[in-house]
Amino acid sequence: MIGWYEANIVLIEATFLNFLLALSIQVPLRVGVFSFAGVGSYGLGAYTAAILTIRYDVPAFVAIGAAVVFAAVVGYLFSLIVARLNGLYLAMATIAFVLIISVLATNGGELTGGANGLYGALSDLTTGGVVAVCVVVAFLLALTERGPLRRRIEAVREDPELSMSMGIGVVTVRQLAFTVSGALGACAGAMNALLRTTVSPEEINFHLIVLALTMVIIGGSRSWMGAFIGAVIFTWLPSMLATTGRWQDVVYGLIIILAAIFMPTGLLGLVQSLYQKLRGRSQTAAPAEPPAEEAVEERAMLQALSGESKEGVR
């Protein structure tokens, strides 16, 4: 077991980092906002943590905290800029945000290392620290999936106009979604930069957007658990398909297409729907036959009633 863990430590760390990246896309989707800004925040967090570690030699969690706060503020300010956009236009604006971050990193000169990026971001961050952060994040998000807060989020997603008439601050909820998305994306990027000790503009590209969106769609977009399922699948799937050789991309694409067609609500949604169907069948099953004494009494009562009805007819 220890040998397997040491051999796959990189994939294990990548699973939890991809989990946070997927959450940065999933959180806005839960409130009906189609935003990829979390991927841009991933780049902001990575460069912020790397710069603080290399230039100022700050501890790992201080650098991560600074990156999270910085990206959260940027995410909130960005939400003010795109407040009037929705749907496809909003998605395009957030993709442009990701590309802008990549361009700034490439042309950042000595600060960002230019096209080569930054190297030597050594820190004391461990795999246990990454797992602990992910557990805390999952716990906090699980609280939003229960009770009145869950109903408010669903109302904002399904019917914003009705939500506003009920006194729910739709604009505030969406701005909060952008802020949380920025914080989650930055946390993933910062920890990735410190674990790998390097960051480059090549990491902030359209492929990262596709990966994050795929994890959410296949895993499930309504719960943090769906994001985790998607992260596990698409972190380990490429290594499992390595035996297919040059057909790896074809098989990978077919799996995604089939999953999108036959599991529109994701793996988590499929499991939940099957559970509800099985539970519904068990509840609607025929009740057990009454005891023998109750059956005899019921039969005698029916006979008496039938006799009275015959006398009434006579």
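The values are calculated or read from the model by the stated rules, or taken from the named source; none is laboratory data. It should be emphasised that the depicted structure is a prediction, and the values quoted were computed from it without experimental measurement. Methodologically, a virtual Cβ is constructed for each residue, glycine included, from the backbone with ideal geometry; neighbour enumeration extends over all protein chains shown. The area values use the complete protein model at the heavy-atom level, side chains included, leaving out ligands, DNA and RNA. Shrake-Rupley method; radii C 1.70, N 1.55, O 1.52, S 1.80 Å.
For the reader, a short list of remarks on this structure follows.
- Test result for Gly226, open to solvent by less than 50 Å² (accessible area, probe 1.4 Å) and in contact with a helix residue (DSSP H, G or I) (Cβ under 6 Å, 6 or more places away or on another chain): yes
- Scanning the stretch 176-210 for residues that are closer than 21 Å to Leu77 by Cα and open to solvent by 40 Å² or more (accessible area, probe 1.4 Å) turns up Leu176, Val180.
- Evaluating Phe61 against the criteria (1) assigned to a helix (DSSP H, G or I); (2) open to solvent by less than 70 Å² (accessible area, probe 1.4 Å) leaves one unmet condition, (2).
- Whichever residue in the stretch 211-223 is closer than 24 Å to Ala72 by Cβ and outside any helix (DSSP H, G or I) and, among such residues, is most open to solvent (accessible area, probe 1.4 Å): Arg222
- Exclusive hit being under 19 Å from the mean Cα position of the chain (by Cα), in contact (Cβ under 8 Å) with a residue 40 or more places away in the chain and at positive phi, set Gly45, Gly32: Gly32
- Single match in Ala96, Ala14 (criterion: within 19 Å of Phe228 (Cα to Cα) and open to solvent by 10 Å² or more (accessible area, probe 1.4 Å)): Ala14
Rundown of residues vs (1) of a type in the set (Gly, Ala, Ser); (2) within 24 Å of Thr126 (Cα to Cα), yes/no style:
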residue	(1), (2)
Gly147	yes, no
Glu158	no, no
Leu194	no, yes
Ile217	no, no
Gly226	yes, no
